[in-house]
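Read through the structure below, which is laid out as structure tokens, and then see the notes.
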Amino acid sequence: MADFLTSQNEDFSKWYNEIVQKADLADYSPVRGSMVIKPYGYTLWERIRDELDRRFKETGHVNAYFPLFIPMSFLEKESDHVEGFSPELAVVTHGGGSELEEPLVVRPTSETIIGHMYAKWIRSYRDLPVLINQWANVVRWEMRTRLFLRTTEFLWQEGHTAHATRLEAEEETLRMLDVYTDFAVKEAAIPVIPGRKSESEKFAGAVASYTIEAMMKDGKALQSGTSHFLGQNFAKAFDIRFLDETNEQQYAWTTSWGVSTRMVGAVVMAHGDDQGLVLPPHIAPIQVVIVPIWRKDAERDAVLEAAEGIRQRLVALPASPGSALRMRVELDRREGVSPGWKFNDWEMRGVPLRVEIGPRDIANQNVMIARRDVPGREGKMLLPMAELEAQVPTLLEAVQTAIYEKAVAFRDSHTYDVSSYDELKEAVETGFARAWWAGDAEDEARVKDETRATVRCIPTEQPGGSGTCVYTGRPATEVAVFGKSY
RNA sequence: CGGGGCGUAGCGCAGCUUGGUUAGCGCGCACGGUUUGGGUCCGUGAGGUCGGCGGUUCAAAUCCGCCCGCCCCGACCA
């Protein structure tokens, strides 16, 4: 792929915007900053959603739905929260033809309305924990928007839990960070760095925020999921109290965590190449596409019949080892476009495996298989037709693993352990800098001012020992990851 | 809201400096033929308030003013 690290930001943005639209993921809506997610893009989101949801259920969470409109006064109950969100609120002042007594905000996130409900629902320690997730849309009036990465309205899941003890809530926060990490690595094939946010970067109203940070192909960071330990901040603001075992009133400890449609953008920017999307098989809307090839009308029927036979054999297989889903296979029956055109078309859409079948293959009882992750003719191989069931699942897993490993190699080769401020400045031009950090907000602000880079996170996995800050020389016991971000 | 770039057919663009017949090109689209194992080729055709409003002029896509919108960089941020 073109080297976006040495080129202008504009080039990568152009590539991204073009691919997102050409691959049929999304289109701009007439309203500034909002987008239409097209069926192909939505199916990709559904795959992400289902994989996450499966994990939420496995960890004991249930889904519910809370209202879109929130009374303005709810946000004002938590001072950090309202301060953080008020600049980006969409406010409804009129309804049913008359002015409302109290303005309603379109939820930018649901801590407040959910906090209000939890206060009603929770009376006793026996009611805890409450482990609820909701799939919803939220609205944030951002100044600058970008397809999938930052849109005025976006889809996400937000989990909100309440616990009897601080420890339990902290464990929940980290457990969900693990769930996100597991999803990113195993399904989205994106290596992420889980860690804690700095004070200046944490969620408005949280005691501590955690994040998974991914590296895009231009070396920039993308916050791909967050998990917050809210302490008793929202419990006190919304009066979420319960009687404990000793008949004492206690405030609950709460958490919230979310992953949004931004994850679609992360997949595009982490794996894509000059030909377009490269989708991980586990979440690809179409895992295998069959392109039939014929020259004369007489060959057409036989080829299509053989292609349909292959389709039926493949859809009978599981989508991935152990999955309850069946393999997602598409037979491209379009006429009037050449096979070469179809090859390019499906590559643009990132389909992991392509099966080509023509008269020659039928005669020889084999098919040509092309891997999306290996560009051009090098990714093609001949496969005996009898081995489809044995080989296609293996190949899909091979693609899944290969693109993950490629992403790991890219990230690692653009992550630098730095020991001086000059090295840090140089490192963040092309990737991440790992540096000792003492958590000083003023210095963080200065680095941001001079380099545009911020503390992406203080990784959960630390090297241990101690060192000195690269710019102040202060003693430090933790390493932080610095980088430019979206 | 600041700095930079742009706005001409569905998409991508030329034309503007130096005003002058009927505003062009590529892709896409429709029809016919040809082709189909890596984006076939040929022909015919449809498609335009030149972002909007105002001004200068015999004459404006072109010059001037104001406004609107988009993109990139910053502030904001999942």
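The values are calculated or read from the model by the stated rules, or taken from the named source; none is laboratory data. It should be emphasised that the depicted structure is a prediction, and the values quoted were computed from it without experimental measurement. For neighbour counting, all protein chains shown are included, and Cβ atoms are generated from backbone atoms with ideal geometry for every residue, glycine included. Only protein heavy atoms, including side chains, enter the accessible area calculation; ligands, DNA and RNA are left aside. Shrake-Rupley method; radii C 1.70, N 1.55, O 1.52, S 1.80 Å.
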- Note on the structure: About its Cα centre, the stretch A:149-275 carries a charge dipole, from +1 on Lys and Arg Cβ atoms and -1 on Asp and Glu Cβ atoms, whose size in debye to the nearest 20 is 340 debye
- Task: Take peptides A:183-194, A:60-71 and line them up by average Cβ neighbours within 10 Å, highest first, as a rough protection proxy.
- Result: A:183-194, A:60-71
- Which loop-located GluC sites (Glu not before Pro) does the stretch A:304-407 contain, where loop means any DSSP state but H, G, I, E or B and the Cβ has at most 15 other Cβ atoms within 10 Å? A:Glu335
- Item | DSSP-assigned coil residues among GluC sites (Glu not before Pro) in the stretch A:428-486, each with at most 10 further Cβ atoms within 10 Å | A:Glu461
- For chain A, shape from the Cα gyration tensor axes a ≥ b ≥ c, cut at a/c of 1.5 then a/b versus b/c, turns out prolate
- Query: How would you classify the stretch A:33-161 from its alpha-carbon gyration tensor, with a ≥ b ≥ c the square roots of the eigenvalues: rounded for a/c under 1.5, else prolate if a/b is greater than b/c, otherwise oblate?
  - Reply: oblate
- Hey, rough spin-label estimate for A:Ala445 and A:Arg300, points 7 angstrom out along Cα→Cβ, what's it come to in nanometres? 7.1 nm
- Note on the structure: Karplus ³J(HN,Hα) for the stretch A:330-347 (6.51 cos²θ - 1.76 cosθ + 1.60, θ = phi - 60°; Hz, whole; x = Gly/Pro) runs 10, 9, 8, 8, 4, 10, x, 10, 6, x, x, 5, 5, 3, 5, 4, 6, 5
- Using Cα pairs under 8 angstrom and six or more residues apart, how large is the relative contact order of chain A, in percent? 14 percent
- Note on the structure: Residues other than A:Trp257 with Cβ under 12 Å of its Cβ, Lys/Arg counted +1 and Asp/Glu -1, net out at -2
- Item | Translational diffusion of the stretch A:125-190, µm² s⁻¹ [Kirkwood Rh, Cα pairs; Stokes-Einstein; 20 °C; 1.002 mPa s] | 150 µm²/s
- Query: Taking a 1.4 Å probe, which of A:Ile357, A:Ile293 shows the most accessible area, and what order do the others take after it?
  - Reply: A:Ile293, A:Ile357
- Rounded to 10°, Cα long-axis angle of helix A:388-413 versus longest principal axis of chain A: 50 degrees
- Message: What number do you get for the stretch A:58-128 when its Cα radius of gyration is normalised by 2.2 N^0.38 Å, N = residues?
- Response: 1.32
- In whole angstrom, note down how far apart the Cα centers of the stretch A:91-151 and the stretch A:195-241 are. 17 Å
- Item | For chain A, size of Cβ-based charge dipole, Lys and Arg +1, Asp and Glu -1, in debye | 1100 debye
- Message: If DNA, RNA and ligands are ignored and the probe is 1.4 Å, what is the ranking of A:Ser227, A:Ser260 by accessible area, most exposed first?
- Response: A:Ser260, A:Ser227
- Would you please put A:94-100, A:18-24 in order of how densely packed they are, using the mean number of other Cβ atoms within 10 angstrom per residue and starting with the highest? A:18-24, A:94-100
- Item | Carbon plus sulfur fraction of accessible area for chain A, probe 1.4 Å, in percent | 50 percent
- Query: In degrees from 0 to 90, rounded to the nearest 10, what is the angle of the helix A:9-22 Cα long axis to the longest principal axis of chain A?
  - Reply: 60 degrees
- Query: In terms of solvent-accessible area of protein heavy atoms at a 1.4 angstrom probe, what is the ranking of A:Tyr210, A:Tyr125, A:Tyr28, A:Tyr118, highest value first?
  - Reply: A:Tyr28, A:Tyr125, A:Tyr210, A:Tyr118
- Note on the structure: Of the listed links A:Lys22/A:Lys484; A:Lys38/A:Lys342; A:Lys77/A:Lys484, those spanning more than 30 angstrom between alpha carbons are A:Lys77/A:Lys484
- Query: When all protein chains stay in place, what accessible area (Å², nearest 10, 1.4 Å probe) is found for A:Arg333?
  - Reply: 120 Å²
- First check a/c for the stretch A:111-256, with a ≥ b ≥ c the square roots of the eigenvalues of its C-alpha gyration tensor; if it is under 1.5, answer rounded, and if not, answer prolate when a/b is larger than b/c or oblate otherwise. prolate
- In debye, nearest 20, what is the charge dipole magnitude of the stretch A:42-129 about its Cα centre with +1 on Lys and Arg Cβ and -1 on Asp and Glu Cβ, if you could check? 540 debye
- Message: Distance between the C-alpha centers of the stretch A:357-411 and the stretch A:20-69? Whole Å please.
- Response: 29 Å
- To the nearest 10 degrees, the tilt of helix A:262-271 (Cα long axis) against the first principal axis of the alpha carbons of chain A is 50 degrees
- Quick one: accessible surface of A:Ser34, probe radius 1.4 Å, all protein chains present, in square angstrom to the nearest 10. 20 Å²
- For A:Leu395, what accessible area in Å² do you get when you roll a 1.4 Å probe over the heavy atoms of the protein chains, rounding to the nearest 10? 20 Å²
- Note on the structure: the stretch A:396-477, Kirkwood Rh and Cα Rg, ratio Rg/Rh at 1.07
